[in-house]
Amino acid sequence: MDKSGQLFIVATPIGNLNDITYRAIETLKAVDTIAAEDTRHTGRLLSHYGITTRTTAFHDHNEKDKANLLISWLKAGRDIALVSDAGTPLISDPGYAIVNACRAEGIRVIPIPGACAVIAAISCSGLATDNFTFMGFIPVKQKAKQDFLQQVTALTGTAICYESPRRIVDSVEAVIEVLGEDTQVVLAKEITKTFETFYSGSATELLVWLKEDLVHQKGEMVLMISTKKEKTTDLPEPAIALLKQLKVELPLKKAAAIVAVHYELKKNDLYKFGLTLD
């Protein structure tokens, strides 16, 4: 019986090219093929380390079809390394289809661990690290974004998200609207690169910082949100009762606004309390 090849999941640097392990370099040199999210991008890394292994494109748009081809190569005895543009493959990057298929076919999948933006960011954030949830990229559309952030209210510890420079301001504004202006956040940008920056403060303070200089809105970003919730037991009982009644007939945002005006309370406090109601 012919022996199948092996699939290596190889972590690559997220910025600084020195952040690669000896084992990763040895693996990339030894395999028959490197499946890369962007062959040109990966080519620069390979050139830097004198790696001449052939590459093939494996990205979001061809993942399902290409997985079948890679499986056939693996069955033929070829070893393959899977890499993403940066960091650990499959963490909000392509790769699930091929790994899932390998498991189904009994083909060995071997991790070559290394850099990961999620872990690098949370380790330096100052937020809770004993319990955190990686949520991937924040949705683009407003309704989906709000629903996404409402999920954070049910979490404990730290919620970690990826975001793009062109949408970071919009997403922080959504954090303020859904979770409250005093929500504690940390933005990590350009991790391991020349202009690496960690900004820590309230969501409102972060929004001001982002808007005061367009440079602050550039770079690869990881947004971390503390899920520690302020107690809302100081809300007057009549206000709580009215909020419960209005919530049955109106959207929570509208109900909170009405109660806030009626009782001269903060709308965000009422909104956050309303999210805890069944």
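Some points to look at:
- Cβ-Cβ distances below 6 Å connect the following pairs, each with a first residue in region 102-128 that is within 25 Å of residue 3 (Cβ to Cβ) and buried (at least 21 other Cβ atoms within 10 Å of the Cβ), a second residue that is of a type in the set (Lys, Arg) and modelled with pLDDT of 95 or more, and a separation of six or more residues or different chains: 112/23.
- Residue selected from region 146-175 under the condition surrounded by 18 or more Cβ atoms within 10 Å (Cβ to Cβ) and under 16 Å from residue 228 (Cβ atoms), by the criterion nearest to the chain's Cα centre (by Cα): 160
- Per-region count, region 20-41, residues buried (at least 18 other Cβ atoms within 10 Å of the Cβ) and of a type outside the set (Val, Ile, Thr): 5
- Filtering 87, 77 for residues that are of a type in the set (Gly, Ala, Ser) and touching a Cys at 6+ places or on another chain (Cβ under 8 Å) leaves a single hit, 87.
- Entirely in region 205-278, the helices (runs of 4 or more DSSP H) that have 2 or more residues that are within 26 Å of the chain's Cα centre (by Cα): 267-275
- In region 15-104, counting only helices (runs of 4 or more DSSP H) that sit wholly within it, the ones holding 2 or more residues that are within 25 Å of the chain's Cα centre (by Cα) and at pLDDT below 95 span 63-75.
The values are calculated or read from the model by the stated rules, or taken from the named source; none is laboratory data. Being a predicted model, the structure only gives us computed values, none of them experimental. Glycine gets a Cβ as well: all are built from the backbone with ideal geometry, and neighbour counts include every protein chain shown.
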